[in-house]
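Have a look at the structure below, then the notes.
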Amino acid sequence: MGSIDHSPTPAPAGTDAGFEPSTDELLAHNQAYAAGFEDRGLQVAPMRRLAVVACMDSRMDVFAILGLGNGEAHIIRNAGGVITDDVIRSLCLSQRLLGTREVILVHHTDCGLQRVSEDEFKAELEAELGIKPWWSVEAFTDPYADVRQSIQRLLHSPFITHRDHVRGFVYDVHDGRLHEVTVDG
C-alpha cells in the first residue's frame, strides 16, 4: 500500500475554506486494508484486560504511544480524555462484561481544551442556536491537574468496580514522552 499524506494544512477553525470531504478516499484506503486483513481471530475482550481513556487529539496515536496492537485494549477517546458519564458507561461495560481490570488515562500538553472558556463557549452556542448546552465542556488549564481530577472521578465512581490499577499520564506532544501523574501530586 502506498504512503498516505497526513499533513494537509488546516483551514482556520470555523471555516470551510479549502475543505474537501475525505470519506471516499478513506473508503479506498479501507479496500487496500481489507485486502491484507490479518486480525480475523481477535476476541472481543481485550487480551491485556486494559482500557485506555485518551484525548481525541489527532496528534496522538494511542496504539503507537503505548506500544499496543489490535485486540490488546479498549481505547475510549473524547475531547480532553476527561472522565464523563459516557466514559464511565464505557468503562463499566468494559470491566463488567469484557473483563478489563486496568485503566490508563492519557491527557496531553497543548490540548485544545486549555484554550477554551467553558462559559464563553456555551454562551456563543446559546446565542447562535437559542439553547445552552446541557453538557459540560470540561475545559481546563493544567493537564496534570485534570488527570488527577479524572483519576479521582474513577476512584469514587460506584460503577468502576476495579480501581486497584488506575494510572494517569500526560503525553508531551513535543517529545513523545509520557509523564506519570499521581493523585498526591
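The values are calculated or read from the model by the stated rules, or taken from the named source; none is laboratory data. Model, not experiment: these values are computed from the prediction. Cβ coordinates were reconstructed from backbone atoms using ideal geometry, including for glycine residues, and neighbour counts include every protein chain displayed.
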For this session: Please name all residue pairs, on different chains or six or more residues apart, with Cβ atoms under 7 Å, provided the first residue is in region 123-138 and is touching a residue at least 24 places away in the same chain (Cβ under 8 Å) and within 19 Å of Leu113 (Cβ to Cβ) and the second residue is surrounded by 11 or more Cβ atoms within 10 Å (Cβ to Cβ) and small (Gly, Ala, Ser).
Result: Glu138/Gly80
Problem set entry | Long-range neighbours under 7 Å by Cβ, at least six apart or interchain, first residue under 19 Å from Gln114 (Cβ atoms) within region 142-163, second assigned to a loop (DSSP other than H, G, I, E, B) and of a type in the set (Phe, Trp, Tyr) | Asp146/Phe140
For this session: Restricting attention to strands (runs of 3 or more DSSP E) lying wholly within region 70-185, give those where 1 or more residues are modelled with pLDDT of 95 or more and in contact with a Pro (Cβ under 8 Å, 6 or more places away or on another chain).
Result: 73-78, 102-108, 166-171
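Rundown of residues vs (1) more than 21 Å from the chain's Cα centre (by Cα); (2) of a type in the set (D, E, K, R); (3) assigned to a loop (DSSP other than H, G, I, E, B), yes/no style:
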| site | (1), (2), (3) |
| --- | --- |
| Ala34 | yes, no, no |
| Gly41 | yes, no, yes |
| Ala54 | no, no, no |
| Asp57 | no, yes, yes |
For this session: Looking only at region 125-142, decide whether some residue is in contact with a His (Cβ under 9 Å, 6 or more places away or on another chain) and under 24 Å from Ala64 (Cα atoms).
Result: no
Problem set entry | Among (1) in a loop (DSSP other than H, G, I, E, B); (2) surrounded by fewer than 10 Cβ atoms within 10 Å (Cβ to Cβ); (3) modelled with pLDDT of 80 or more, the one test that Gly2 misses | (3)
For this session: Output the residues belonging to region 100-116 that are over 30 Å from Met47 (Cβ atoms) and either buried (at least 18 other Cβ atoms within 10 Å of the Cβ) or without any contact (Cβ under 8 Å) to a residue 24 or more places away in the chain (or both).
Result: Leu113, Arg115, Val116
Exercise. Taking region 150-185 as the region of interest, how many residues are under 16 Å from the mean Cα position of the chain (by Cα) and over 20 Å from Phe63 (Cα atoms)?
Worked result: 3
